[in-house]
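The values are calculated or read from the model by the stated rules, or taken from the named source; none is laboratory data. As the structure is a prediction and not an experimental result, all values here were calculated from the model. Don't worry about glycine lacking a Cβ; one is built from the backbone with ideal geometry, like all the others, and counts go over all protein chains shown. When the accessible area is computed, the model is the full protein with side chains, heavy atoms only, and any ligands, DNA or RNA have been set aside. Shrake-Rupley method; radii C 1.70, N 1.55, O 1.52, S 1.80 Å.
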Amino acid sequence: MANTKIRAIITGATGMVGEGVLHECLINPQVEAVLVINRKACHVIHPKLKEVIHQDFFDLNDVEEYLTGYNACFFCLGVSSIGMNEPEYTKLTYTLTLQFARTLCMLNPKMTFCYVSGAGTDSTEQGKSMWARVKGKTENDLFKLPFKEVYAFRPGYMHPTKGLKNTLTSYKFISWMYPFFRTFFPKTVSTLAELGKAMINTAKHGYEKKILEVTDIVAAAKT
């Protein structure tokens, strides 16, 4: 894709991560078109941007006509596992993601699919942490799909992008600690902007690893 501009589908644009990735896409000249698919409007207006409102991410039949002609997907949709049992979390994390990805793969087989996972994800699917096992299974089965490429991004703490509206409330109380953690624990933190840039650069140029940990995200952002 080195000589081709990115045409990206983004999910989760009404959340903190998706909004940050969308912001980076809209200001990056290597991205020529963006489609966001949301359950509710993201209230962003930009010449590059189109939005589809759709409630049922398990059934995309009604919106398939809008999902063709794209060469990248930045899948930023996700839920917290807090308060959920494993079947509930699996349905909303594994089943939904794979259903969405299979549809995109059928419509855009030359697409690069970039999945936002999380630091601590368990690729063995055998660990004690429920969310980490489910995320690991999601990554593993995404890698089996016949996309052009699939990458899993495992961010830790992400310093929010100033001016965006969907920053999690808790981040407002801990963001002052970011310079300390960046200096003394650099393998655990990045900025949300770096995640967005890393996803764009990886879709454009590829990356040497299929799973990008925090240090890889920071490195890919500089490509």
Where N is the number of residues in region 74-180, Cα Rg divided by 2.2 N^0.38 Å: 1.18
Relative contact order computed over region 12-63 (Cα-Cα under 8 Å; 6+ residues apart), in percent: 30
Accessible-area value, Ser129, 1.4 Å probe, nucleic acids and ligands omitted, Å²: 50
The chain - charge dipole about Cα centre, Lys and Arg +1 at Cβ, Asp and Glu -1, debye rounded to 20: 560
Charge context of Thr14, other residues only, Cβ under 14 angstrom, K/R +1, D/E -1: +1
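Carbon-plus-sulfur fraction of the accessible area of region 7-111, 1.4 Å probe, in percent?
Working: 2620 of 4880 Å².
Carbon plus sulfur share of accessible area: 54 percent.
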Under 5 Å, built H, 5+ apart or other chain: amide partners of His159: Ser190, Thr191, Leu192
Pairwise FRET efficiency - His43 versus Met177, Cβ, R0 = 35 Å, nearest 0.05: 0.70
Heavy-atom surface of region 1-89, accessible at 1.4 Å and reported per residue (Å²): 49
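Counting each DSSP H run of 4 or more residues in the chain as -39500 (n - 2.57), what helix-only mean residue ellipticity at 222 nm follows after dividing by all residues, to the nearest 500 deg cm²/dmol?
One gets -10000 deg cm²/dmol as the mean residue ellipticity at 222 nm.
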Accessible area per residue, Å², region 146-200 with all protein chains present, probe 1.4 Å: 56
Amide H partners (placed H, <5 Å) of Ile10, local residues excluded: Leu35, Val36, Ile37, Phe74
Relative contact order %, the chain, counting alpha carbon pairs below 8 Å whose residues are six or more apart: 21
Accessible-area composition of region 134-223, carbon plus sulfur, in percent [1.4 Å probe]: 62
Under 14 Å, Cβ to Cβ, from Ala72 - net charge with Lys/Arg +1 and Asp/Glu -1: +4
Using distinct alpha-carbon pairs, which all enter the 1/r mean, Kirkwood radius of the chain in Å: 17.6
Per residue convex hull volume, Cα atoms of region 109-172, in Å³: 108
Listed residue (Phe57, Thr68, Thr14) projecting farthest to the positive dipole end of region 4-78, Cβ model: Thr14
Hypothetical label at Asp62: residues of region 73-93 whose amide nitrogen lies under 14 Å (7 Å Cα-Cβ projection): none
Of Asn3, His43, Trp131, farthest towards positive along the dipole that unit charges on Lys, Arg, Asp, Glu beta carbons give the chain: Asn3
Low-density loop cleavage sites - trypsin sites (Lys or Arg not before Pro) in region 88-154, where at most 16 other Cβ are within 10 Å (DSSP): Lys110, Lys128, Lys144, Lys148
Region 15-71: chymotrypsin sites (Phe, Trp or Tyr not before Pro) in DSSP loop, at most 16 other beta carbons within 10 Å: Phe58
